[in-house]
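What follows is calculated from the coordinates using simple rules that are stated; it is not laboratory data. From a predicted model like this one, the values you see are computed outputs, not experimental measurements. Every residue, glycine among them, receives a Cβ derived from its backbone with ideal geometry; neighbour counts consider all protein chains shown.
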Amino acid sequence: MSDLFFYGTLQHVPLLERVLNREPGDLQTEAAVLSDHAVFAVKDQSFPMIMAKPGGAAQGLLVRGLSQEDRDRLDFYEGGFDYALDTRTIALADGETAQALVFFPAPDLWTPDKPWSLQDWADEWGALTVLAAEDVMAQYGILSPAEIAKAFPAARMRAWAKLEARKRLTDDPRSVAKDVIVHSHKRAYLGYFGMEEIEFQHRQHDGTMGPVLHRSALMQGSAVVLLPYDPLRDLVLLVEQFRTPAFLIDDPEPWLWEPVAGMIDPGETPEQAVHRESMEEAQTELTSLHYVGGAYSSTGSSTEFAHLYVGLGDLTETTESGGLQSEGEDIRSKILPYEEFMQMVDTHVFKDLPLLTLAHWLARHRDQLRQP
């Protein structure tokens with residue numbers, strides 16, 4: 001059995017319970033302090049780091065009696081963050097001391113920022129991190145810590161999308177708590193996308209509970225989709241990139257013309273994401289946004305919820321090198337006169353459904369957008 005001292009996000013007991021696969025109230029915990037240390041936020045990250053600081057006092061949580069299984073699960077979760085365990089003397093609230101293992105980051109791995117607050121972190125990131133941990137820990141014993149480290153950003157993105165999805169109410173009188181019965185739920189795959197499988201029943205339109213169904217869904221974050229439009233010059237901007245799903249289905253032309261698009265990062269609003277993606281993919285600064293609507297992109301197969309926009313701006317330049325190299329993107333842009341663009345829509349040149357949706361919205365609102 002081992003005693004561990006947690007000074008960062010794993011002080012958040014709901015998160016620790018998810019990582020260790022423990023029931024609420026099952027852990028032996030008490031407040032503790034690691035002297036001559038302090039906890040700081042990591043620059044540009046949502047988690048903290050601990051540093052030696054003479055006279056400092058790192059507040060934390062001592063958890064006693066952790067098993068080898070607990071240790072293995074912690075190594076899996078924390079291993080992706082390049083931590084190492086070291087034994088330190090911990091001060092307890094009653095004046096006693098205890099020996100405990102502490103996770104320390106590799107030297108010079110991160111840049112410290114301001115002092116870190118557990119409560120501030122929990123208010124902003126706690127719920128998201130717990131959901132992401134459920135996703136990640138479902139792969140315990142399947143993926144390696146290095147593999148799971150690569151999957152963390154996408155898991156957080158999906159968690160952010162799930163929190164947003166919980167707010168989508170339209171006054172439907174039915175309740176998933178009463179009208180859906182889940183028999184099994186499996187996270188079958190985790191990568192940039194996730195794949196989940198479920199066996200369930202749902203109440204049918206005649207009021208009876210339907211048969212047990214087996215279904216799967218591609219688990220994705222939420223997205224923004226943007227059609228840049230220049231009302232003064234009457235131009236639209238499109239981007240082109242290679243699309244793997246089109247290639248895998250044997251489409252002979254997998255280089256597709258599309259609107260600007262991208263995933264919403266944790267903590268971002270759709271509006272912030274669409275401005276960021278416009279600069280990343282098309283180097284286009286927008287002067288205003290018009291919200292076309294939001295909807296699931298493929299309700300039978302994917303969780304992706306897309307926010308659609310027409311963005312106004314000066315369209316005078318194209319690029320042959322848009323996108324982020326870190327994400328393997330190779331994107332070029334093209335500017336088209338509106339009439340030529342709509343002719344291509346009407347002759348079925350485009351294969352991207354959001355682009356067609358945005359084109360028809362623009363056709364309905366173009367005259368209003370062009371008014372001085």
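Quick rundown of the values:
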| read-out | value |
| --- | --- |
| For segment 61-123: rounded, prolate or oblate by the Cα gyration tensor [a/c cutoff 1.5] | oblate |
| Global geometry of segment 215-264, whether rounded, prolate or oblate, following the gyration tensor of its Cα atoms and the 1.5 cut on a/c | oblate |
| Where only alpha carbons of the chain are counted, the Rg and the Dmax (Å) | 24.9, 79 |
| Check: the chain dipole with +1 on Lys, Arg Cβ and -1 on Asp, Glu Cβ, in debye | 760 |
| Volume of the Cα convex hull of segment 193-284, divided per residue and given in Å³ | 204 |
| For the chain, built as a Gaussian network whose Cα springs stay under 10 Å, the top-fluctuating residue of V182, V130, V42 | V182 |
| Rh by Kirkwood over Cα pairs, then Stokes-Einstein D for segment 174-219 at 1.002 mPa s and 20 °C, µm²/s | 185 |
| Cβ-Cβ FRET estimate between Q371 and S144, R0 fixed at 45 Å, reported to 0.05 | 0.15 |
| Top of E78, E281, E329 by mean-square fluctuation, Gaussian network on the chain, Cα under 10 Å | E329 |
| Stokes-Einstein D (µm²/s) once Rh is taken as the Kirkwood radius of segment 238-372 over alpha-carbon pairs, at 4 °C in 1.567 mPa s | 81 |
| Percent of beta bridges antiparallel (DSSP, the chain, rounded to nearest 5) | 85 |
| Spherically averaged projected area of segment 2-159 from its Cα convex hull (nm²) | 9.0 |
| Cut-off 16 Å, label 7 Å out along Cα→Cβ of T347, residues of segment 259-292 by amide N | none |
| Shape category assigned to segment 23-95 from the gyration tensor of Cα positions, a/c cut at 1.5 | oblate |
| MRE, 222 nm, helices only [DSSP H, n ≥ 4, -39500 (n - 2.57), over the chain, to nearest 500] | -8500 deg cm²/dmol |
| Rounded to 10°, Cα long-axis angle of helix 270-282 versus longest principal axis of the chain | 70 |
| Between segment 253-310 and segment 1-35, the Cα center-to-center distance that results, in Å | 39 |
